Structure formats: structure tokens, C-alpha cells
Amino acid sequence: MNPIRLMLADDHQMLREGLRRSMVEEGFDVVGEAQDGVEAVRLADELLPDVILMDVSMPHCDGVEACRQVKSHGNESRVVMLTMHADKEVLTNAIRAGASGYLVKDCSTSEIADAVRMAAGGETVLSPQLAKSMLEEVRRLDQKARTEEERMVTKREEEVLQLIADGCSTPEVAERLYISQKTVKNHLASIYQKLDARDRTQAVLQAVRMGIVHLH
């Protein structure tokens, strides 16, 4: 079985040299090295490595943009990003750019080697501390989405609100929408809860502020 062809992209020469020695010892074929993002994109197109270990912070073109360009060229090389800091925003951008992995530089040589092997095998790799923080972020966003969904006014409630804003009484709203007065009252109760309003006036004012209804 042929060794995994690996390319390194980092603007620090000492780090590149240390990484090269370590990766060769781990059995990888290090086919090239780039010292900035522009060179990384050019070499990736020329060498077509299996995996690229790409530093996030590089001059001329950062690692995330270099990854995006490599992928936009149809290059099937797998890109594993290396960074000094566990930055969730950079991680999100890197994943959107097509990166297959994201490692913080304080991880061990064996962790980097495992990540390269996993990436070459088609898996996605995350540093443990990043995986934990991303999981927490996903849970937070899910909770936020659920809360927003619960607060979302339905189409029918919008119609009720607009008629109330136009000055209609409960019987008039029921007549216009062909529903019972009890149903109108149920809609209003739901609206008050979602808009955190005590009465019709507050509900209408809040709905106007949110752009849900318009005063004529």
C-alpha cells in the first residue's frame, strides 16, 4: 500500500521542518512544503497530495482562503487546518471552505498523524476541545431556534392582529375570517404570550415594531 502523500503549508520554517521530520517518521510521503497561502494553492494544484496540513494564519492568503481556492479548483486533496487558537468562527469558516479537519497546534504528533490518516480515509477530524465547544454551540443554536419558533406568530395570528390593528372588534374579526369568536380569543391569547403583551393595544404596538402588521 502506497504511503499517504502529504503537503505542508505553514509560514514558520522551524515548525515546517519539525512537522516534516515527524510526519516522515510516521510513514507519510511529504511531497511538498508551502510558506504562504498563495504558494499552497499553486503547489496543491501541481502535486495533488492526498492531504494538506494547512496553517490558518499565513501571509498573502490565509489558510481558510487557500483551502477555499484549492477546493474551487476541483482538487480532491483533503485539507486539515492547523491553528494556534480554538476559534469557533474560524472553524466554521474553514468547514464552509471545504476543510476536512481542524486541529489546535498544541496537539501531539500522534494526534496529527491520526488526523491525517482519518482525513485521507474520508473522515472529518476535530481537536477534542473544539469538538466539545462546537457541540455546545450547536446545542445553544438549537435551543435558540426552538425558542424563536415558539415565539413565531402564525399566518392566521397575523391576520387576526392586522384586523385588530384596523380597529375590528372580536365579533368583526370572527365574521371577516369565518371563524368563531372563541377561536379569535384563543388566537389572541396565543399572540399575547408570544409577543409578551398584556392586551390588544400592547400586542398591536409590538407587532407594528416587529413589522408583522401595518397601521393604515
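Coordinate-derived values only; no laboratory data. On a predicted model such as this, the values are computed, not experimentally measured, just so you know.
Structure values in brief
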quantity	calculated
Structure-based [θ]222 nm, the chain - -39500 (n - 2.57) summed over DSSP H runs of at least 4, per residue, nearest 500	-18000 deg cm²/dmol
Length-normalised contact order for the chain - Cα pairs under 8 Å, 6+ apart - percent	13 percent
Of Ile52, Ile164, Ile112, the one that fluctuates the most in a GNM where the chain has Cα springs shorter than 10 Å	Ile164
At 0.692 mPa s and 37 °C, Stokes D of region 151-209 from Kirkwood alpha-carbon radius, µm² per second	296 µm²/s
C-alpha long axis of helix 200-209 to longest principal axis of the chain, angle in °	40 degrees
Calculated SAXS-style log₁₀ I(q)/I(0) at q = 0.09, 0.10, 0.14, 0.15 Å⁻¹ - the chain, Debye, Cα scatterers	-0.54, -0.58, -0.76, -0.84
